[in-house]
1. Strictly greater than 17 Å: what percent of every Cα pair in segment 67-184 meets that?
2. Going 7 Å from the Cα of R72 toward and past its Cβ, which residues in segment 159-184 have a backbone nitrogen under 14 Å from where you end up?
3. Mind jotting down a quarter of the surface of the convex hull over the alpha carbons of segment 59-133, in square nanometres, one decimal?
Amino acid sequence: MRTQAVIAAVLTSAALFLAGCDGQQPVAEPSGEVTGAAGDVLVPADMPSAGATGVASGGIASGLDMAALTERRDPERLLRFYTSAIRIGDWIDAAKAWSLDAQMTPETLRDEFGGQAGPKIAVGKGDTSGAAGSLYYEAPIVVDFADGRPSKRGTIVLRRVNDVPGASEEQLNWRIERTSTLTQ
């Protein structure tokens, strides 16, 4: 009798789900969870808005949160900006998310992430720590390529100067300092 109740509940749930689709086929969503090296669940970074376009006009893409480049409180905002820029192939703006010391170029990013299909990037919840007048934010990252290249897993580290007198505007904003990824 319990099995029949479970089957009835499943069928009722399916009927309610299909009723909410207005007669249209449901869209398949990715299933399963992606976990980082430490076993923490990673979630895809925010997708760019519907108005976001690829860059053919000198690094300007509508839909990117350009104010993230002046972010001082929320390192995850810069990560969302960066992953959105990578997804849409805006190598110029993606390179702006890196610290000047990293010497990241749009060409390097294009060589790393470009291809027929944009990569899927998942960034996990990170940790903030302080050291020697700087704040660091380290988060797990997974990069999956749709064109058959092997996935990469590792960490991404952001840094900003912790309101030290004499620090430049650039130093006070969150920037990517380095990534450490391994091919899976």
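No lab work stands behind these numbers, since they all come straight from the coordinates. Please read all numbers here as calculations on a predicted model, not as lab measurements. All Cβ positions, glycine included, derive from the backbone under ideal geometry; neighbour counts span all protein chains shown.
1. Of all Cα-Cα pairs in segment 67-184, 55 percent lie more than 17 Å apart.
2. Residues passing the 14 Å test: 160-175.
3. 5.8 nm²
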